[in-house]
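Here the structure is laid out as structure tokens; the discussion comes afterwards.
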Amino acid sequence: MTQNDEPRSGFDGGYDRYEMRPEIEAGAVRVSKTVAAAARALGPRNEAPRLEAEVLLAHVLGVGRAALLARPEMEIPPQARARFDALIARRVDGEPVAYLTGTKEFWSIQFEVSHDVLIPRPETERLVEAALDRLSPARPQRVADLGTGCGAVAVAISRERPRASIVATDISPRALAVARQNVTRTGATNIRLLACNWLNAIAVSAFDLILSNPPYVPDFDPHLRRGDLPMEPRLALAAGPEGLEAIRSIVAGAKPRLAEKGALLLEHGFDQGTAVRALLKNNGFLGVFTLRDYAGHERISGGHK
Ligand code: GLN
């Protein structure tokens with residue numbers, strides 16, 4: 001790691017001067033030195049500079065990270081090196097690694113992602129778990145995933161419950177195009193994609209489960225300026241002054257679309273549990289509950305009809 005090195009203001013091509021020149025002069029640009037130099041360019045504010053450099057170099061070379069690490073002395077062709085440098089420069093400018101590689105793993109499945117979709121978060125796997133607890137593998141239940149983005153939640157549920165019949169919606173046609181790619185590449189056959197603003201194009205019906213990871217960050221939350229969030233679609237993140245607008249629409253519209261005993265499950269902000277439980281109760285949901293994520297924060301709330 002580079003924690004003891006001098007802080008750098010950003011990627012300035014400087015690592016070429018300091019690290020690469022001896023190797024370039026020797027005619028061989030090798031994995032180990034390239035990763036070390038790139039990690040140095042990414043640090044010190046980056047939490048995992050070495051890992052990120054490895055992931056990006058493996059991506060450029062079209063190999064897995066393990067294969068890359070197994071061959072530290074492997075030479076990097078000049079074109080690959082140029083592509084890698086360009087990716088490191090974009091990463092230094094704040095672009096998320098997932099957008100640079102175009103992929104993100106969720107529920108042990110590789111998903112395609114682009115600037116048109118939120119990058120799937122590990123805490124959303126808790127939403128999938130909560131859904132699976134309510135879906136029997138034996139019965140063909142009906143599920144709606146609202147604001148599906150890249151389709152991660154719908155595809156994960158589809159994989160675990162192949163007998164379910166899933167409708168996945170998004171208001172963004174570009175997001176739906178990404179979801180379509182993911183449905184196709186994962187071979188899910190029980191997902192129907194639908195362009196729709198929360199529930200408005202979904203007829204009064206009988207879903208056994210409606211679930212969503214909606215936007216829930218308050219409009220002026222400083223969190224929107226941190227980490228990967230500035231580069232992610234605002235539409236997928238921010239939802240009014242308290243971050244509750246999308247959740248309000250969903251809770252208000254869900255009951256007529258649920259079967260008897262049908263459940264609603266929502267991901268929300270760590271400090272929104274009380275508000276979301278109140279919304280669910282005020283809209284007549286029964287058995288209202290909240291689950292914590294693995295960081296111990298209130299993250300998923302739900303209830304049933
Ligand atoms: N959990 C995300 C974050 O705060 C927000 C995701 C969302 O709004 N659905 O980084």
Matching option when the condition is over 30 Å from VAL92 (Cα atoms) and either among the acidic types (Asp, Glu) or within 16 Å of the ligand (Cβ to nearest atom) (or both), among GLU245, GLU232: GLU245
Tally of residues being under 21 Å from the mean Cα position of the chain (by Cα), at pLDDT below 95 and assigned to a helix (DSSP H, G or I) across segment 226-267: 0
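Every residue, every condition in (1) aliphatic (A, V, I, L, M); (2) surrounded by fewer than 16 Cβ atoms within 10 Å (Cβ to Cβ), yes or no:
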site: LEU224; (1), (2): yes, no
site: ALA238; (1), (2): yes, no
site: ARG248; (1), (2): no, no
site: THR274; (1), (2): no, yes
site: PHE285; (1), (2): no, no
site: VAL288; (1), (2): yes, no
site: ASP293; (1), (2): no, no
site: HIS304; (1), (2): no, no
Any hit, segment 138-150, residues being surrounded by fewer than 23 Cβ atoms within 10 Å (Cβ to Cβ) and in contact with a Ser or Thr (Cβ under 7 Å, 6 or more places away or on another chain): yes
Residue among GLU298, GLU267 that alone is within 15 Å of the ligand (Cβ to nearest atom) and under 24 Å from ARG174 (Cα atoms): GLU267
Answer from VAL60, VAL97, VAL35 - the residue that is closer than 30 Å to ALA168 by Cβ and among the β-branched types (Val, Ile, Thr): VAL97
Residue within segment 196-219 that is hydroxyl-bearing (Ser, Thr, Tyr), buried (at least 18 other Cβ atoms within 10 Å of the Cβ) and more than 29 Å from ARG90 (Cα to Cα) present: yes
Residue count, segment 206-218 (criterion: away from the ligand (no atom under 12 Å from the Cβ) and in a loop (DSSP other than H, G, I, E, B)): 1
Boolean, ARG277 is assigned to a helix (DSSP H, G or I), more than 10 Å from the ligand (Cβ to nearest atom) and either over 25 Å from the mean Cα position of the chain (by Cα) or over 18 Å from THR148 (Cα atoms) (or both): yes
Residue check, ASP116 more than 23 Å from ARG299 (Cα to Cα), touching a Ser or Thr at 6+ places or on another chain (Cβ under 7 Å) and within 16 Å of the ligand (Cβ to nearest atom): yes
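The values are calculated or read from the model by the stated rules, or taken from the named source; none is laboratory data. Since this is a predicted model, take the numbers as computed values, not measurements. Neighbour counts are summed over all protein chains in view; Cβ atoms, including those assigned to glycine, are modelled from backbone coordinates with ideal geometry.
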